1. Of all the residues that make up the stretch 19-34, how many are within 19 Å of THR7 (Cβ to Cβ) and not charged (D, E, K, R)?
2. Residue by residue through the stretch 288-299, note down the ones that are exposed (fewer than 15 other Cβ atoms within 10 Å of the Cβ) and either of a type in the set (A, V, I, L, M) or without any contact (Cβ under 8 Å) to a residue 24 or more places away in the chain (or both).
3. Go through ALA275, ALA282 for me and flag whichever is surrounded by fewer than 17 Cβ atoms within 10 Å (Cβ to Cβ), among the hydrophobic types (A, V, I, L, M, F, W, C), closer than 30 Å to ALA199 by Cα and in contact with a strand residue (DSSP E or B) (Cβ under 6 Å, 6 or more places away or on another chain).
4. Using the structure shown, decide if THR317 is assigned by TED's automatic domain parsing to the domain that holds THR351, in contact with a strand residue (DSSP E or B) (Cβ under 9 Å, 6 or more places away or on another chain) and assigned to a strand (DSSP E or B).
5. Which condition number does THR334 fail, the rest of (1) within 50 Å of the chain's Cα centre (by Cα); (2) in a strand (DSSP E or B); (3) crowded, with 18+ Cβ neighbours inside 10 Å being met?
6. Answer with yes or no whether ASN381 is outside the structural domain of ILE194 (by TED's automatic domain parsing) and either at pLDDT below 95 or closer than 30 Å to ALA193 by Cβ (or both).
Amino acid sequence: MPINFPTGPSTNDTYNLGTRTWKWNGEAWELQPLTGGFTGSQGAIGYTGSAGSAPTDSLTLVNTSVDDTISATTTEDSSSAGPVITLKRNSSSPADADYLGQLKFKGENDADQEIVYAKITAKIQDASDGTEDGILEFANKKAGSNVITARLKSDKLQLLNSTSLEVDGSLTVGGQAITPVTAPTISSISPTAIVTSTATAVTITGTNFVSIPQVEALNPSTGIWYTADSVTFTSSTVIVATFTIGVNASYKLRIENPDGNAVLSSSALMSVSAAPTFSTSAGTLGSFAGNFSGTIATLAGSSDSAITFSETTNVLTNASQANCSLNSSSGAITTTDLGGSATSPTTYNFTIRITDAESQTVDRAFSITTTYGATGGAQFN
């Protein structure tokens with residue numbers, strides 16, 4: 001049957017037909033939710049009277065302020081529980097794992113989508129007469145997915161899906177105080193490479209170090225452990241371990257506090273390898289005429305990995321001094337104008353460093369001397 005709504009309504013005008021009500025929202029007639037339930041006069045507790053028809057729609061309450069949307073108050077003066085809100089699942093065939101009720105906490109995300117961020121659910125664990133058990137589950141939105149984070153059963157509390165327990169204060173279980181387990185951590189070490197069979201102090205930075213921990217190095221390839229020669233406790237975040245290891249390899253580090261709490265690095269942090277060496281003897285590389293152009297010398301060295309050459313001083317490659325170039329790969333020292341603008345004999349002292357792939361280094365001092373012939377002289381026969 002068509003509905004004949006009034007013409008020319010004003011905003012918030014209502015129109016009733018039977019048990020239903022429509023409200024004009026300024027653009028259209030909007031059907032209002034049923035409020036059914038019980039009708040009658042207001043009694044001492046709520047409303048009393050004859051039973052009306054039960055509502056068939058859900059009840060939605062909208063509050064535009066931050067005040068309480070629903071408030072339940074009891075004035076009964078006793079120790080009995082109250083006010084009471086009851087959620088009942090009236091099932092004709094109750095069974096284990098049946099849902100009994102659920103509270104959902106919704107909000108918007110930054111894409112204006114409605115999201116259930118958390119919910120509390122009650123279930124039947126055991127529906128057997130005389131041995132009934134209930135479950136209360138807590139679920140949260142975690143990294144975009146809905147997960148059950150905790151389940152309270154009649155005999156235990158379960159933390160699920162990588163949910164941890166954080167206690168701010170003391171913890172007592174079965175009348176016994178529990179001391180929190182705090183394992184050490186490793187964030188970095190220096191140096192990251194040590195020389196084969198050479199005692200080397202390694203500074204380890206991390207957290208929760210306790211004086212004095214045991215420090216070990218593990219060769220993952222062989223499964224052999226090497227205990228540090230000595231360990232110096234600096235603070236809860238810094239310790240220094242000295243190692244002498246004769247096998248070249250990459251090593252994981254393990255730290256164990258006196259209370260037994262320990263950590264093993266997930267990857268290799270320290271390498272043991274031979275240090276780079278020079279084949280070219282230290283000292284003078286020779287004397288050359290001022291303004292010489294060509295190759296002065298080619299330095300040589302080696303290691304168990306690739307090496308590079310660099311100058312640690314600022315003499316050899318300084319245009320105002322020796323005015324040379326150093327090839328970082330080959331070690332060749334070349335020039336197109338030795339000594340640059342200099343006009344008198346000069347000895348240039350400089351230091352060259354070899355660095356290998358493990359960042360191990362060795363330095364060596366060298367020198368180059370320039371000579372200049374006599375000028376303005378005369379020839380005698």
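1. 8
2. ALA289
3. Sole residue among the options that is surrounded by fewer than 17 Cβ atoms within 10 Å (Cβ to Cβ), among the hydrophobic types (A, V, I, L, M, F, W, C), closer than 30 Å to ALA199 by Cα and in contact with a strand residue (DSSP E or B) (Cβ under 6 Å, 6 or more places away or on another chain): ALA282.
4. No, not satisfied.
5. (3)
6. yes
The values are calculated or read from the model by the stated rules, or taken from the named source; none is laboratory data. A quick note: this is a predicted structure, and the numbers were derived from the prediction, not measured. Cβ atoms come from the backbone with ideal geometry, glycine included; neighbour counts cover every protein chain shown.
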